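Following: one structure in structure tokens, then a few remarks.
The values are calculated or read from the model by the stated rules, or taken from the named source; none is laboratory data. Every value quoted in this text rests on a predicted model; they were computed, and no experiment measured them. Cβ placement follows ideal geometry from the backbone for every residue including glycine, while neighbour counts extend to all protein chains displayed. Remember, those area values only see protein heavy atoms, side chains included, never the ligands or the DNA or RNA. Shrake-Rupley method; radii C 1.70, N 1.55, O 1.52, S 1.80 Å.
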Amino acid sequence: MKHWLASFHRLASPPIFFRLAGRIMPWSLALAILSGGIGLVWGLVYAPADYLQGESVRILYIHVPAAWMSLAIWAFMAFAAIAALVWRTKVAETLAMAAAPIGACFTAITLLTGSLWGRPTWGTYWVWDARLTSELILLFLYLGVIGLYRTIEDPRRAARAASVLILVGLVNLPIIRYSVEWWSTLHQPASIRLSGSSIHPQMLWPLLVMALATKFYFLWAVLARARMMLAENESNKQWVRDLWREGRL
Amino acid sequence: MSGLEDILMERLPHWPFVAGAYAAFFLLLLFDAVQPYLAARRLRRELAARLTREARRAAAPKD
């Protein structure tokens with residue numbers, strides 16, 4: 001336990017985090033490309049078309065993983081925000097802020113791909129149903145966090161203010177998750193639950209592989225962004241100048 | 001929706017929607033993925049300018 005805590009504290013040091021993140025990044029990117037490539041070919045070529053949705057079911061191999069990521073990234077940001085507010089570590093603050101644009105990107109992908117799936121399946125690009133509207137609110141919350149962080153000049157104060165907004169926005173996650181059960185929506189209820197899945201394995205597996213690819217992509221992207229934000233915020237410190245001189249920035 | 005679009009929807013397969021969705025997916029991810037590289041380039045340029053300025057100031061004769 002003591003050893004684990006000591007490792008955790010060491011990770012809170014920006015130069016150590018920068019080096020460690022640099023080592024993890026190539027692996028996470030390679031795994032994202034590999035699993036993404038497999039998932040794409042599987043979903044676009046080998047998986048069968050749906051008997052009702054036809055070929056448009058292939059949109060779900062990117063829509064569903066992106067939707068999961070939009071929720072998971074906010075949850076990740078909430079953990080980092082709690083760490084930032086309780087322990088006041090720069091790395092936790094930076095991780096929370098670095099994840100926000102990636103989360104906004106996945107939420108935009110969810111809304112766009114869902115809209116393109118909705119037209120051939122539902123006959124409309126958009127309806128103001130509870131699931132779609134709460135997901136749109138999530139996009140606005142992501143943009144709010146990014147905007148708030150950029151508005152305040154001192155990055156540490158900005159990160160703490162944005163962390164509070166992240167924790168407030170946490171209330172939207174169960175609303176998105178259970179919107180299809182609490183209200184009568186056009187959006188269908190969850191097909192994959194902890195108790196099992198109603199999707200045929202031929203369609204389920206490429207979906208899970210794509211979900212894995214988005215996780216590895218997020219790991220790469222959040223580390224890449226956090227490294228640069230840390231270096232930018234600490235550009236007056238010797239360790240950043242040393243990295244620049246050694247050409248490792 | 002226009003009548004023409006409804007007729008096309010009935011006759012065309014769904015591939016244009018699939019292609020549009022995958023294009024949106026890759027364009028947005030690409031936009032997201034290049035941001036750290038742009039930030040690194042900006043930071044390198046700023047650091048180079050700042051350190052050169054500091055070196056010049058240090059080398060300048062003091063009154």
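Over what distance in Å are the Cα centres of region A:140-180 and region B:16-53 separated?
Spelled out, the Cα-based centre of one part sits 22 Å from the other.
Where Rh is the Kirkwood radius over the Cα pairs of the protein assembly as shown, the temperature 20 °C and the viscosity 1.002 mPa s, what D in µm²/s does Stokes-Einstein return?
It diffuses with D of about 100 µm²/s by this estimate.
With the contact rule set at Cα under 8 Å and sequence spacing of 6 or more, what percent relative contact order holds for chain A?
Relative CO of chain A lands at 32 percent.
Ordering A:SER7, A:SER184, A:SER163, A:SER198 by accessible area with a probe of 1.4 Å, largest first, what comes out?
Most to least solvent-accessible, the answer reads A:SER184, A:SER198, A:SER7, A:SER163.
Over region A:5-58, what lengths in whole Å, largest first, do the semi-axes of the equivalent ellipsoid take, defined as the square roots of 5 times the eigenvalues of the alpha-carbon gyration tensor?
Semi-axes, largest first: 42, 12, 7 Å.
Taking the full set of protein chains and a 1.4 angstrom probe, give the accessible area of A:PHE106 in square angstrom, rounded to the nearest 10.
For A:PHE106, solvent-accessible area is about 0 Å².
Count charges around A:ARG156 for me, please; just the other residues with Cβ under 9 Å from its Cβ, Lys/Arg as +1, Asp/Glu as -1.
Neighbourhood net charge equals +2.
Name the residue from A:ALA92, A:TRP122, A:LEU34 whose Cα lies farthest towards the positive end of the charge dipole of region A:1-153, charges +1 on Cβ of Lys and Arg and -1 on Cβ of Asp and Glu.
A:ALA92
Where does the longest stretch of chain A lie that holds no trypsin sites (Lys or Arg not before Pro) found in a DSSP loop with 14 or fewer other Cβ atoms within 10 Å?
After excluding every exposed loop site, the longest remaining stretch is A:89-236.
With +1 on each Lys and Arg Cβ and -1 on each Asp and Glu Cβ, how big is the dipole of chain A about its Cα centre, in debye rounded to the nearest 20?
The dipole magnitude comes to about 920 debye.
Would you mind getting me the FRET efficiency between A:VAL127 and A:ARG157? Use the beta-carbon distance for r and R0 = 51 Å, nearest 0.05.
That gives a FRET efficiency of 0.80.
Determine by what factor the alpha-carbon radius of gyration of region A:13-142 differs from 2.2 N^0.38 Å, reporting the quotient.
Expressed relative to 2.2 N^0.38 Å, the Cα Rg reads 1.29.
Please state, to two decimals, what the Cα-based radius of gyration of region A:126-212 comes to when divided by 2.2 N^0.38 Å (N = residues).
1.43
Kindly express, to the nearest 10 degrees and within the range 0 to 90, the angle between helix A:60-87's C-alpha long axis and the longest C-alpha principal axis of chain A.
That helix lies at roughly 30 degrees to the long axis.
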